[in-house]
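The numbers here are math on the coordinates, done by the rules we state, and not lab data. These numbers come from a predicted model, not from an experiment. Cβ placement follows ideal geometry from the backbone for every residue including glycine, while neighbour counts extend to all protein chains displayed.
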């Protein structure tokens, strides 16, 4: 089968526990409401940037990860993973099938999904690029001092993106990366 390839789609991102539009407007010293949609977009982008940099979820998100094949240990991206809600795959005839999530074990903190003893992944998988979809929920890691550091980095990102919103050639100041670097989860696979 070779190397497992995957894609990740965010079904829902809830940033309200990290930054609200009102909080961001305070940080940015914005008084009117005309840019609320823009500011919410900047918040969403800042949180997504931080999550991708950290290789961890910091907000409460629902994901769909598509795979090209099953492996003994499936690494779900952007942990911690609180719950796997559904596993679907296309069988050899092209029909959508459900795999029972109850047949799996989940390492919540690291996001690894494996099979319970005596279980096996389906073998009749369609010969398509991404025939497997795993739906899961990740609950953010904004806690303690780490949470304060993450919020500080997100404030910096929001400020940079707001200040440079009209510049198509934005050049990031990397102060936020310096804050986040100590919390980054490195993948060595």
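Simple spin-label estimate for residue 64 and residue 22 gives 3.4 nm between the two label positions (7 Å along the Cα-to-Cβ direction from each Cα). Scaled against the 2.2 N^0.38 Å expected of a compact globular protein of N residues, the Cα radius of gyration of the chain reads 1.19. Tell me whether segment 1-65 comes out rounded, prolate or oblate; compute the Cα gyration tensor, take square roots of the eigenvalues as a ≥ b ≥ c, and use a/c under 1.5 as the rounded threshold. Prolate is the answer for segment 1-65, as a/c is 1.5 or above and a/b outweighs b/c.
Volume of the convex hull of segment 60-138 (Cα atoms only), normalised per residue: 80 Å³. When only Cα pairs below 8 angstrom with a gap of at least 6 residues are kept, segment 35-109 shows a relative contact order of 23 percent.
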